[in-house]
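The values are calculated or read from the model by the stated rules, or taken from the named source; none is laboratory data. These numbers were taken from a predicted model, which means no experiment stands behind them. Note that each Cβ is placed from the backbone with ideal geometry, even for glycine, and that neighbours are counted across all protein chains shown.
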Amino acid sequence: MTSAFPSRRIARVAVLVTALACCAAPVDQAVGQNQIKIGILEPLSGPIAAEGRRQLNGLEIVRDIINERGGIAGKQLTWVVADAPDATAATNEASRLITQEGVKLIAGTFSSSLCLPASDVAARNNIVYWEVSCVDPRFNARGYKNVFRSEIDANGFGWYELEFIRDTLHKKVGKDLKDLKIAFVSEDSAYGQGTTEAGKKRAQDLGIQVLSVDFYNRNAMTDFTPIILKLKSTQPDVIISASYTNDAILFWQQARQLDLNVKAIVSAGAVGFGSPDFGKSLGAAAEGPFTLLEPSGLNPKALGSLVAGLELEIAKRYEAKYNERYAASAQLGAAGLWILAEVLKKTGGDLNPDKVRAAALSLDIPVGGTINGWGVKFQDNGQNAPDRVQHYILQWQDGKQVTVWPERFAVAPMRYVPLPKWSERK
Amino acid sequence: MAALSHSAGVREHWAAGVLFAGALSIPLLTDNLFLQDALIFVLLWAGLAGAWNIAGGFAGQLSLGHAAFFGLGAYSSTLLKIYLGVSPWVGMLCGGALVIAASSFIAFAATRLRGPYFALVTIAFATVAQIVAARWYSFTRGNEGLSIPFNPGLANFMFAAKLPWTLLVLCYVAGIYVLSAWIRRSRLGYQFAGMREEEDAAQALGIDTRRLKVVAIALSAFLTALGGTFYAQYVGFVDPGYVFSIDLSVKFALMCIIGGMGTALGPILGAVLITALEIALRAKWGGERSGLYLIVYGALLIVVVRSMPEGLVAGTAQVWKRWRARRVA
Amino acid sequence: MEALPQLIVSAIVLGGIYSLVSIGLTLIFGVMRIVNFAHGEFLMLSMYLAVGLFAVAGIDPYLGLLVAVPASLLFGGLIYYGVVRPVVARPHVVQIFTTLGLSIVLQNTALFLWSGNFRQLRLPYAGTVLTVAGAAVTLPQVIAFAVAAAFTVALFVWLRFTYLGKAMRATAQDRAAATLVGIDTDKVLMAAFVVGTLCVGIAGMLIAPLFATYPTVGLQFVLIAFVVVVLGGLGSAVGALLGGMIVAFLDVVGGYYVGTAWKEVLYFLVFIAVLLLRPAGLFGQRGAEHLGM
């Protein structure tokens, strides 16, 4: 069974051998005197490509603003972007960025299954790893000195959701904590599991009744009827959801179909109920759910005017350039990069791990002092202190997500508590 | 199927020897972290492709579920280490034993299934393994995966420098190569070939094809599980979504096919090319518009698999033969 | 509210959807013996067509079927001649990897062109809920089910009574014998592929109002489609309908009693059991798995 065209075969081999040669040839490593070059690792292909892309977009806007304002210690920030759709790619690309591209700092990475292996590679090669959004609780628990995370972890998400309930929501619902009934509905990836386990634990600590915890695989959910029917019979007051976007959309549509009415639904993160795609997909039906997220609009009185202006600037540019709302994973990227820039300003643009560490640990910004209304105080393990990483509850109102809690940051009052029954909605 | 002559077989061994020597020289001659890392992955995939080859290439059992064995190996050693403090070396063998049992069962029960049916049942097994690992949170930490703490030391199956990893994986690949070359020339290998080409005829000749299938698949699965443990120790992180994924299963088979399924050297060549191609494409286009490099990858796959079905080893051998013939004439 | 009626009705509707998605696969797999790993991507492309028509021209997906039918036939023909036909007589291994490569290309072309964002085709009457036997269903669900049922019947009749249909069934049973009795198996294979693509093209348009559309949405359905096809038996339209129902019942009713976390294990175990014990499935040819060639 031979092909009649040996030349085609030879061509095939030649192409592939050339590819081999290409990957072995190191790229010109010389960095301009006036530049700081870092590496960016994000999932740009594969199942979470949409959010990886949004995060990269947010990073780009902030980089441009930093550079326009004179860069870092007079040098322009540039970078090389690498795609990491899975753990092996994350490891490979991290090595490639370090060796072939010669970067001394890698930032990224959105997903837990990527940030752990990639940061391992960085740490063992004495390269700083700057994580802006993955939420795995183990990230800073490995004893590495040069691994930093500006965002809180999944435990923090779960914690904040319950904090919202404890602080405000239960009062609006009109029940004492011990009388409140909640149910968890969660997809089963690392993000869902971590957030839900943490939320469940806090709920139990607060004495709130947890009626049920339902996990599902978001790639295998074509019908939420089983879960929704169970919830209809147990009647929780509040549902806490951890979902990605296709399942959140399906769940909410079927909740309407099957007439599942709850007083409130709270979710966390830049995906699922918190994704811009949710509102776009569901229109009027999307009104009402709460999401723990980066702020969408912040009450300027709660921020320094510097930061308020910056927030507006970023949002405006983002929307103009990418034609979608500045939200979620983009905001995480933006804040993370801004804080990194603050750290590097202190080192004078030096990426030496010891200097970066010293500068990072020395930063002390109160809540409200930087992008997203966050503060900064890195703990010894490289994690930005959870009480500084202010998180907010946003609510879908009039087709947009607006900040409604904590009250001092809110741009609009909470509505729809309890959520209107489906039969009463237009 | 490609049948190399004796002299071609010797040439094959020389080529393999050159490749292995070349591989060994890289960590000795260069400091380049990326090259060393890429090399280790290439060698690992080469070994895994060679392991698949025993069942798929030699015995004709086209499995698309080998990730089940890879994942079981990775999880066995990792769980034993985390819960019982067992050395990953021992854990690796335990994983191997587990996998022999599981794969033997599959091979035995699925003996009637041919072609795409067999492929489907292997996919189903791998998917069930993935689901169980993902949902058994209390045992496996579910989809969060397991992180292996970095604790260098021989007993820990963990090294700080690249050289020991390279040596170890080189032994792995070389061992599989030697085993494959030996099987090919042995009686077992001929029986495999007979079953692969015409299973009904082989049965009619009195060959116990069911037993053969069990042997082929169990051996292949065992070697795959070893590779799984190596992966877990090297990368330091296992999660069900990756180690049990169909993408991995496909990868093992693909490397074999591209390189040449019926030979011992083929899987190694295939692994080199596919990995190099992936890395090169991702490096060039990974940062650009999403998905671009994968479009190129998929298109290449379609074209290559069609125009070089024998794989590179046989394809190159034929080119060589033609060239020599032309020279003589 | 009593759960059982709702569970049953939801399962029936979902079963209709599963069978609609799988009918094309059973034809292709049954007649051509080629495992089309790109099946999920064909579905995905059709869903994008629905979303696109609606977003750009406000065309309802049901009206849009008028566009989808010729588009699917054309697409099926192109893919057949360009990608599939050259490997029809090749070893399984080549066929499998050709369709896998196709799947990668299509998935990433969608990602490249339309980004990974999730789009939901939102019909103005998507929220209209009808009550059937004490259970709630939405209008798009009812339409999808009705079309699935009608289509299955039509396909069954076509396979049973037309020449091409009979030729397809003959080729599915034994390609060599079919050639011997004078059937142009070449044309039959092409017809099977194109008609199979048409089926999945229609399916995509009908489920677009029900599920979010994104480049990897095919993954949600392709394994299920294989389970349905094996369960129902290769090449059997009725088998696809019944197989779809069985899988949907395991999914919904099983999901209710066993919990959604483990429900996939349910139908995969059934899948494995069918493969090991009765590979021909419900309506397939006994010994079909031996005719793997």
Checklist entry - In this structure, is A:I127 within 8 Å of chain B (Cβ to nearest Cβ), in contact with a strand residue (DSSP E or B) (Cβ under 8 Å, 6 or more places away or on another chain) and farther than 23 Å from A:A330 by Cβ? => result no
Next on the checklist: Within the stretch C:1-45, take every residue that is within 14 Å of chain A (Cβ to nearest Cβ) and outside any helix (DSSP H, G or I) and give me the one that is surrounded by the most Cβ atoms within 10 Å (Cβ to Cβ).
Outcome noted: C:M1
Item to check | Hits in the stretch A:310-369 - residues which are within 17 Å of A:N384 (Cβ to Cβ) and without any contact (Cβ under 8 Å) to a residue 24 or more places away in the chain | outcome: A:V343, A:K346, A:A358, A:A359, A:L361, A:S362, A:D364, A:I365, A:P366, A:V367
Checklist entry - Since C:R119 meets every condition but one in (1) more than 10 Å from chain A (Cβ to nearest Cβ); (2) over 28 Å from C:G232 (Cβ atoms); (3) charged (D, E, K, R), which condition does it not meet? => result (1)
Checklist entry - Looking at this structure, is C:T152 modelled with pLDDT under 90, assigned to a helix (DSSP H, G or I), more than 20 Å from C:L14 (Cβ to Cβ) and of a type in the set (S, T, Y)? => result no
Checklist entry - Would you pick out the residues in the stretch B:95-120 that are over 23 Å from C:L269 (Cα atoms) and surrounded by fewer than 18 Cβ atoms within 10 Å (Cβ to Cβ)? => result B:A97
Item to check | Matching residues in the stretch A:97-120 - criterion: being over 17 Å from A:D153 (Cβ atoms), aliphatic (A, V, I, L, M) and within 8 Å of chain B (Cβ to nearest Cβ) | outcome: A:I98
Next on the checklist: in the same structural domain as A:H170 (by TED's automatic domain parsing), within 20 Å of A:G158 (Cα to Cα), modelled with pLDDT under 90 and in contact with a strand residue (DSSP E or B) (Cβ under 7 Å, 6 or more places away or on another chain): which single residue out of A:Y244, A:Y216 fits that description?
Outcome noted: A:Y244
Next on the checklist: Here is a list: B:G311, B:G298, B:G286, B:G315. Which entry is at the interface with another protein chain (Cβ under 7 Å from one of its Cβ atoms), under 28 Å from A:D86 (Cβ atoms) and at pLDDT below 80?
Outcome noted: B:G286
Checklist outcome for this item: Of the candidates B:V128, B:V121, the one satisfying the condition of being closer than 30 Å to A:D136 by Cα and part of a helix (DSSP H, G or I) is B:V128
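Here's the yes/no breakdown for (1) more than 10 Å from every other protein chain (Cβ to nearest Cβ); (2) touching a Lys or Arg at 6+ places or on another chain (Cβ under 9 Å):
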residue: B:A67; (1), (2): yes, yes
residue: B:F70; (1), (2): yes, no
residue: B:S76; (1), (2): yes, no
residue: B:K81; (1), (2): yes, no
residue: B:G91; (1), (2): yes, yes
residue: B:G96; (1), (2): yes, no
residue: B:A102; (1), (2): yes, no
residue: B:G115; (1), (2): no, yes
Checklist outcome for this item: When restricted to C:G204, C:G196, C:G182, C:G243, the only residue modelled with pLDDT under 90 and not charged (D, E, K, R) is C:G182
Checklist entry - Hey, A:T99 hits all of (1) under 16 Å from the mean Cα position of the chain (by Cα); (2) crowded, with 21+ Cβ neighbours inside 10 Å but one; which does it fall short on? => result (1)
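Results for (1) crowded, with 22+ Cβ neighbours inside 10 Å; (2) part of a helix (DSSP H, G or I), shown as yes or no for each residue.
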| residue | (1), (2) |
| --- | --- |
| A:Y129 | yes, no |
| A:R138 | no, no |
| A:L162 | yes, yes |
| A:T168 | no, yes |
Checklist entry - Before we move on, is C:P70 at negative phi and crowded, with 19+ Cβ neighbours inside 10 Å? => result no
Checklist entry - Does the stretch C:108-149 hold any residues that are in a helix (DSSP H, G or I) and more than 23 Å from the chain's Cα centre (by Cα), and which are they? => result C:F112, C:L113, C:W114
Item to check | Residue check, A:I393 farther than 30 Å from A:N125 by Cα, modelled with pLDDT of 90 or more, surrounded by 20 or more Cβ atoms within 10 Å (Cβ to Cβ) and within 17 Å of the chain's Cα centre (by Cα) | outcome: yes
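Of the residues A:A198, A:A183, A:A203, which single one is within 19 Å of A:G269 (Cα to Cα) and touching a Pro at 6+ places or on another chain (Cβ under 7 Å)? Don't jump to the end; show me each part of the working.
On the way: A:A198 fails: touching a Pro at 6+ places or on another chain (Cβ under 7 Å); A:A203 fails: touching a Pro at 6+ places or on another chain (Cβ under 7 Å).
The conditions single out A:A183.
Among helices (runs of 4 or more DSSP H) lying entirely in the stretch B:1-93, which contain 1 or more residues that are surrounded by fewer than 24 Cβ atoms within 10 Å (Cβ to Cβ), of a type outside the set (D, E) and at pLDDT below 90?
Of the helices (runs of 4 or more DSSP H) lying wholly inside the stretch B:1-93, those with at least 1 residues that are surrounded by fewer than 24 Cβ atoms within 10 Å (Cβ to Cβ), of a type outside the set (D, E) and at pLDDT below 90 span B:6-29, B:33-53.
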Checklist entry - Looking only at helices (runs of 4 or more DSSP H) that fall completely inside the stretch A:263-372, which ones have 1 or more residues that are farther than 30 Å from C:F54 by Cα? => result A:305-322, A:328-347, A:353-362
Checklist entry - Quick one: would you say A:A94 is within 13 Å of another protein chain (Cβ to nearest Cβ), in a helix (DSSP H, G or I), under 20 Å from B:A283 (Cβ atoms) and modelled with pLDDT of 90 or more? => result yes
Checklist entry - Can you tell which of A:A183, A:A198 is touching a strand residue (DSSP E or B) at 6+ places or on another chain (Cβ under 6 Å), crowded, with 21+ Cβ neighbours inside 10 Å and aliphatic (A, V, I, L, M)? => result A:A183
Item to check | Scope the stretch A:203-251; condition among the acidic types (D, E) and either more than 11 Å from chain C (Cβ to nearest Cβ) or not in a loop (DSSP other than H, G, I, E, B) (or both); matching residues | outcome: A:D205, A:D214, A:D237, A:D247
Next on the checklist: Residue under question is C:A273, and the condition is that it be crowded, with 22+ Cβ neighbours inside 10 Å, modelled with pLDDT of 85 or more and not aromatic (F, W, Y); does it hold?
Outcome noted: no
Item to check | Condition check for C:Y48: within 25 Å of B:V250 (Cα to Cα), of a type outside the set (A, V, I, L, M, F, W, C), more than 10 Å from chain B (Cβ to nearest Cβ) and part of a helix (DSSP H, G or I) | outcome: no
Checklist entry - Which of the residues spanning the stretch A:230-244 are surrounded by 23 or more Cβ atoms within 10 Å (Cβ to Cβ) and free of Cβ contacts under 8 Å to residues at least 40 places away in the same chain? => result none
